[in-house]
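Notes to accompany the following structure.
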Amino acid sequence: MTRHDGDMERTFAALPPAHGRGFAQTWWGQAWLQALEESALDSGQLKAGRRLARAGAVGAVSVRPGRITAVVQGRDRTAHRADVLLEELSAEQWDRFLDMAVERAGHVAALLDRDMPPHLVEDAAARGIELLPGMGDLEPECGCGAWDHCGHTAALCYQVARLLDQDPFVLLLMRGRGERDLLDDLQARSAAPATPSSEASTPPEAQGVDAAEAYATGDILPPLPTLPELPAEPGVPPSLDTETPPAPGVDPAALEFLAARTAAEAHRMLAEALRPGPGQQVVEAELTLDQDAVRFAAGAPGADVAERLADGSGRGREGLATAVSAWQLGGVVALSVLDEEWTVEGETLARARAALDSAWDEDERPSLRAKGNRWTVVGAPRQLRLGPDGRWWPYRKEGSRWVPSGGPAHDPATALASTQVGAEEAQP
């Protein structure tokens, strides 16, 4: 048997609240819940679990042989890790199950169709293999300290019933076999050995459908389904709080933050791609490592991750905070205005001077000292920076550091006015 280690753990994103609907629609999902409800000693905890599951308090669910895990938030918003254990089938039991499945091809077809017909479970039981859990088979473990099923483990079980409705391979993984392993074993057992034949030289009859016939059926095929709507918010990445210790040098908190920011960025890019309008969407250039570090820092990471970003980017804490302020005002363009000083010359310089001359009346024009693309107000901690797109970015001086004080404007007077507003707001 070829073992696919990556197939031995599956993580399912947190499901939305289940208001106004049952948790199990299939008979095997209902059998799962029956095992839970027959095992729990306190019906009040089952009710609490149903309320939590309906409210969407169950996080991403991790499924692996013998165990399911999720972080569940109680009614007091306290998060607890909840685990439910289910005994794995032995190697000998799996052999008997595979032999039984090969004998009846309908079993395999049903599983591939994400169905678990009663006769499959009945045939397995006849060979001493209990696929579905019975009373007492679902063993709870919870960080809240409860020794029996609590609201957290019950909520996890109710949520898993919804997963089982969608895919019975989830149950088989809990019993010890991943989908790919199982299908590989079934294929190996069902492959018939080649036998010599006197008719071996006779070419087999062609299989399939005539191309013209297949093309002609195109007009009667049903239309493709409509695209699903964009979710209101990015998905919630799975929790990395598992029993497996992290590899040396791997920071689970940093990985969770990275996954969350990646989900948010993917959601933003998908929203841009689906936005109605003529023409193609602009393909953004790939960010540099420094730009990406600032983007991540703008996602409000924890203190440890923020410290690593500050050190890794070479900006330090204050420098990274300034870069984040620029990023939040204008992304890559604003960051380049913060970091880069360039020489303004030729036609660009002429347009800049014309804009500065026309921005104020003669008696109101401030005295400006130019250096590159930066015009500093003489005797005041205020500055204008010309961006590559011809817009003016306002800056003010805080201590020894120049920091952005607002978004860009095509009119330099408007931009400079925002530096005065920022200075007044900064005063106690």
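The values are calculated or read from the model by the stated rules, or taken from the named source; none is laboratory data. Remember, it's a predicted structure, so these values are computed and weren't measured experimentally. Positions of Cβ are generated from backbone atoms using ideal geometry, with glycine treated the same way; all protein chains shown enter the neighbour counts. In case anyone asks, the SASA skips ligands and DNA or RNA and just uses the protein heavy atoms, side chains included. Shrake-Rupley method; radii C 1.70, N 1.55, O 1.52, S 1.80 Å.
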Per the helix-only calculation at 222 nm, which mean residue ellipticity applies to the chain, given -39500 (n - 2.57) for every DSSP H run of n ≥ 4 and division by its residues, nearest 500 deg cm²/dmol? -14000 deg cm²/dmol
Counting only protein heavy atoms and using a 1.4 Å probe, what share of the accessible area of the chain belongs to carbon plus sulfur, as a whole percent? 53 percent
Cα gyration tensor shape of the range 368-409, rounded if a/c is under 1.5, else prolate or oblate by comparing a/b with b/c: oblate
Charge tally for neighbours of residue 85 with beta carbon under 14 Å away, counting Lys, Arg as +1 and Asp, Glu as -1, is -4
Peptides 382-392, 300-310: what's the order by average Cβ count within 10 Å, highest mean first? 382-392, 300-310
In percent, what relative contact order does the chain have, based on Cα pairs under 8 Å that are 6 or more apart in sequence? 13 percent
Using amide H atoms built 1.01 Å from N in the peptide plane, name the residues 5+ places from residue 368, or on other chains, whose amide H lies under 5 Å from its own. 378
Given the options 400, 358, 239, which has the most mean-square fluctuation in a GNM of the chain, springs set between C-alpha atoms less than 10 angstrom apart? 400
Per residue of the range 157-172, what does 6.51 cos²θ - 1.76 cosθ + 1.60 with θ = phi - 60° give for ³J(HN,Hα)? Whole Hz please, x for Gly and Pro, Karplus curve as stated. 5, 5, 5, 5, 4, 5, 5, 5, 4, 7, 7, x, 5, 4, 5, 5
Count the DSSP beta bridges whose two residues both fall in the chain, then state the antiparallel fraction as a percent rounded to the nearest 5. 100 percent
Within the set of other residues whose C-beta is less than 12 Å from the C-beta of residue 183, count the net charge using Lys and Arg as +1 and Asp and Glu as -1. -2
Cα centroid of the range 309-341 to Cα centroid of the range 226-250, whole Å: 27 Å
Accessible area per residue of the chain at 1.4 Å probe, in Å²? 58 Å²
Students often get this wrong, so try it: which of (1) 58; (2) 31; (3) 37 is percent of Cα pairs over 33 Å apart as calculated from the structure shown? (1)
Taking Cα atoms, the helix 91-103 axis meets the longest principal axis of the chain at an angle in degrees (rounded to 10) of 80 degrees
Give, as a single signed number, the net charge of other residues whose beta carbon lies under 10 Å from the beta carbon of residue 310, with Lys and Arg counted +1 and Asp and Glu -1. 0
Over the range 58-97, what is the relative contact order in whole percent, taking alpha-carbon pairs under 8 Å and six or more residues apart? 31 percent
With everything on Cα atoms, drop me the angle between helix 412-426 and the longest principal axis of the chain, reported from 0 to 90° to the nearest 10. 80 degrees
The range 13-83, relative contact order in percent, only Cα pairs under 8 angstrom and at least six apart counted: 30 percent
Can you report the principal axis dimensions of the range 46-181 using only the alpha carbons, biggest first, rounded to whole angstrom? 52, 26, 24
Assigning unit charges at the beta carbon (Lys, Arg +1; Asp, Glu -1) and nothing else, what dipole magnitude in debye, to the nearest 20, does the chain show about its Cα centre? 1600 debye
